[in-house]
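**Q** Here it is, the structure, as C-alpha cells.
The values are calculated or read from the model by the stated rules, or taken from the named source; none is laboratory data. Fair warning: this is a prediction, and the values are worked out from it, not measured in the lab. Here the Cβ positions follow ideal geometry from the backbone for every residue, glycine too, while neighbour counts run over all protein chains shown.
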Amino acid sequence: MRPLNWLENEKPHPERCVGAGSDIVPREVADDVRWFHGQIPGFRETPLHSLGQMANELGLGGVWVKDEAERCDLSSFKVLGGAYAVYRLLKQRLGEEKPLTFSELTSQSVRDRLGELTFAAATDGNHGRGVAWAASMLGQSAVIYMPRGTKQARIDAIRGHGADVHVIAGTYDDAVEQISQDAQLNGWLVVSDTAWEGYEEIPRWVIQGYTTMFSEAQQQLAEAGPSAPTHLFLQAGVGSLAVAGVSYYLGQMGQRAPKFVIVEPTKAACIFESARAADQAPHRFPGELDTIMAGLSCGQPNPLAWPVLRDCADVFVSCRDFVAARGMRMYAAPLSGDPHIVSGESGAVTLGALSFIMLAAENADLRETLGLDEGSQVLLINTEGATDPDHYRQVVWNGAHPVPPEALVYPQG
C-alpha cells in the first residue's frame with residue numbers, strides 16, 4: 001500500500017504566477033490583517049519551531065513548524081480567517097471605511113447601530129469554532145452546521161462559545177449547501193471559508209485572515225537565520241489555507257517564492273483529483289470523505305482557491321490516513337533536542353508526508369522533482385492541536401492507524 005501518491009504540476013511558470021492571487025490577497029492587505037488581529041485581547045503570535053534533529057534525520061537543511069495549536073487557546077489557525085471576515089462584515093454593515101479597533105467594535109454605540117446579529121457557518125470543527133469565538137467576543141450569536149459523524153469533542157468545543165450547533169445528515173459539502181439555504185430564510189450572516197456563485201467576498205476575507213500566520217512565520221524565519229523557506233508544504237481541504245500561503249509568498253517574493261506542495265487525504269483529495277483531470281476545472285470528490293483528517297474532509301474545491309493552486313502549485317500529494325497518524329507520533333515523540341509539539345490529524349499530515357518523501361526509496365523521483373536536499377529549508381504548518389483529545393490519545397498512546405509493515409520507512413544509515 002503506497003503511503004502517498006503525487007502529481008507534478010506541469011503548468012506553473014514563475015513569470016505567470018508572480019501576480020497570481022493578487023486579487024485574493026493584495027500585497028498590502030497582510031499588514032492590515034495583522035494589525036486587526038493585534039487588536040484582539042490576549043492575541044499573540046504563535047511560535048515557529050526548528051526541528052533541527054529531524055532535518056538531519058531526513059537529510060534536509062532545516063525543518064520549521066509554525067505551531068497554530070497555540071493560537072488564541074483555540075488550537076487552530078481557523079480563528080484568524082473567521083475573526084477577520086466577521087470584522088470586515090461588521091465594517092461593511094456599519095458603512096465604515098476606516099479601521100476599527102476591537103474596543104470600538106464591542107462598544108455599546110456600535111452594538112446599538114448593528115442590533116442583534118447571528119453569524120452562521122458550516123464546518124468540520126475548527127472554522128466553526130473560530131466563527132463562534134468571534135461572535136461571542138463581539139456579543140453576537142452564532143449558528144453552526146456540522147456533518148454527520150462529527151466527533152462530540154468538536155461539537156462541545158463550539159457550543160462552549162455559546163453557539164447553536166446542528167449536525168446534519170450529510171457531508172461537509174452538504175452542510176455548506178444547507179446553511180446557505182437556511183441563512184436566507186432566517187436572516188443569518190454566513191461566514192464561509194469556501195465560495196460559490198454569487199458568494200465570494202466573505203470567503204476572500206477569510207483567506208486574507210490567514211495571512212497573519214504566514215506574515216508571522218516569515219518574520220520569525222528571517223530572524224532565526226534563513227531568509228525564507230525553499231519549500232512550503234500546505235494542507236488542503238477546500239484549498240483556502242493553501243491559497244493564502246501561495247498568494248502571500250508569491251506577493252512577497254515573486255519568482256523567488258518557495259516551491260509549493262499541496263497535501264490532502266486520499267479519501268478527500270478534491271484538489272489532487274481536479275489537477276489530475278487536467279481540464280482546468282475544479283471537480284467534486286465523490287464518496288463519504290471518511291478520513292481521520294476531519295479538517296480536510298472536503299469534497300469540493302473553493303473556486304477562489306482552485307485557479308491559483310492549479311497554475312502555481314508545484315506538486316499535489318494525496319496521503320493515506322496512516323501518514324497523518326505517523327506525523328502525529330513524530331511530533332509527540334521528538335528526536336532529542338527537538339521540541340515536543342501537540343498536533344492533530346490535519347495538522348500533522350505534512351510532516352508525515354515529508355518523512356515518507358525523504359525516506360522511501362520509491363519517492364526518489366519526487367525528491368528530485370522538488371529539489372529536496374541538504375540545502376532545503378522546509379516550512380510546515382501545524383494547523384491544529386488535539387482538537388479531538390480522545391482520538392489524539394488513540395493515535396499517540398495506542399498506535400491507532402499504524403503504518404503497514406510494507407510501508408515502513410527508516411533513516412538511511
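**Q** Take residue 387 and decide whether it is in a loop (DSSP other than H, G, I, E, B) and crowded, with 24+ Cβ neighbours inside 10 Å.
**A** yes
**Q** A further question follows. Tell me, yes or no, whether the range 36-44 has at least one residue that is closer than 30 Å to residue 276 by Cβ and surrounded by fewer than 16 Cβ atoms within 10 Å (Cβ to Cβ).
**A** Within the range 36-44 (the criterion being closer than 30 Å to residue 276 by Cβ and surrounded by fewer than 16 Cβ atoms within 10 Å (Cβ to Cβ)), the answer is no, since none of the residues qualifies.
**Q** On to the next question. How about the range 293-325: which of its residues are touching a Leu at 6+ places or on another chain (Cβ under 9 Å) and acidic (Asp, Glu)?
**A** Within the range 293-325, 314 is the sole residue that qualifies.
**Q** Turning to a different aspect of this structure: Given the range 113-221, what strands (runs of 3 or more DSSP E) lie entirely inside it while holding 2 or more residues that are over 19 Å from the mean Cα position of the chain (by Cα) and surrounded by fewer than 21 Cβ atoms within 10 Å (Cβ to Cβ)?
**A** Where strands (runs of 3 or more DSSP E) fall fully within the range 113-221 and carry at least 2 residues being over 19 Å from the mean Cα position of the chain (by Cα) and surrounded by fewer than 21 Cβ atoms within 10 Å (Cβ to Cβ), they are 164-167.
**Q** Follow-up question, since we're still on this one. Please go through the range 222-242 and pick out each residue that is part of a helix (DSSP H, G or I) and surrounded by fewer than 17 Cβ atoms within 10 Å (Cβ to Cβ).
**A** The answer is 222, 223, 224.
**Q** Residue 326 passes all but one of (1) crowded, with 24+ Cβ neighbours inside 10 Å; (2) touching a helix residue (DSSP H, G or I) at 6+ places or on another chain (Cβ under 8 Å); (3) closer than 23 Å to residue 127 by Cα; which number fails?
**A** Against the list (1) crowded, with 24+ Cβ neighbours inside 10 Å; (2) touching a helix residue (DSSP H, G or I) at 6+ places or on another chain (Cβ under 8 Å); (3) closer than 23 Å to residue 127 by Cα, residue 326 comes up short only on (3).
**Q** Additional query: Look at residue 395 and say whether it is within 23 Å of the chain's Cα centre (by Cα), crowded, with 17+ Cβ neighbours inside 10 Å and not in a strand (DSSP E or B).
**A** Working: within 23 Å of the chain's Cα centre (by Cα): yes; crowded, with 17+ Cβ neighbours inside 10 Å: yes; not in a strand (DSSP E or B): yes.
Considered against the rule, which asks whether it is within 23 Å of the chain's Cα centre (by Cα), crowded, with 17+ Cβ neighbours inside 10 Å and not in a strand (DSSP E or B), residue 395 comes out as yes.
**Q** Still on this model: Looking only at residues in the range 68-87 that are among the aliphatic types (A, V, I, L, M) and assigned to a helix (DSSP H, G or I), which one is nearest to residue 343 (Cα to Cα)?
**A** 69
**Q** Within the range 359-386, track down each residue that is of a type in the set (A, V, I, L, M) and more than 12 Å from residue 261 (Cβ to Cβ).
**A** 359, 360, 361, 364, 386
**Q** To continue, here is another question. Could you tell me which of the residues 38, 19, 52, 59 is at positive phi and either assigned by TED's automatic domain parsing to the domain that holds residue 319 or in contact (Cβ under 8 Å) with a residue 12 or more places away in the chain (or both)? Walk me through it before giving the result.
**A** Values: 38 fails: at positive phi; 19 fails: at positive phi; 52 fails: at positive phi.
After ruling out the rest, the residue left standing is 59.
**Q** Looking at the range 22-33, is at least one residue modelled with pLDDT of 95 or more, of a type outside the set (S, T, N, Q) and in contact with a Gly (Cβ under 8 Å, 6 or more places away or on another chain)?
**A** yes
**Q** Can you go through 170, 139 and tell me which one is more than 26 Å from residue 305 (Cα to Cα) and either free of Cβ contacts under 8 Å to residues at least 24 places away in the same chain or assigned by TED's automatic domain parsing to the domain that holds residue 120 (or both)?
**A** Step by step, each of 170, 139 is checked, and only 139 is more than 26 Å from residue 305 (Cα to Cα) and either free of Cβ contacts under 8 Å to residues at least 24 places away in the same chain or assigned by TED's automatic domain parsing to the domain that holds residue 120 (or both).
**Q** If I filter the range 258-271 down to residues being surrounded by fewer than 23 Cβ atoms within 10 Å (Cβ to Cβ) and of a type outside the set (Lys, Arg), which single residue comes out as nearest to residue 26 (Cα to Cα)?
**A** Here the answer is 258.
**Q** Return the pairs, sorted by first residue and then second, in which the second residue is crowded, with 17+ Cβ neighbours inside 10 Å and assigned to a loop (DSSP other than H, G, I, E, B), the first residue lies in the range 102-131 and is of a type in the set (Lys, Arg), the beta carbons are less than 7 Å apart, and the residues are 6+ apart or on different chains.
**A** 129/74; 129/161
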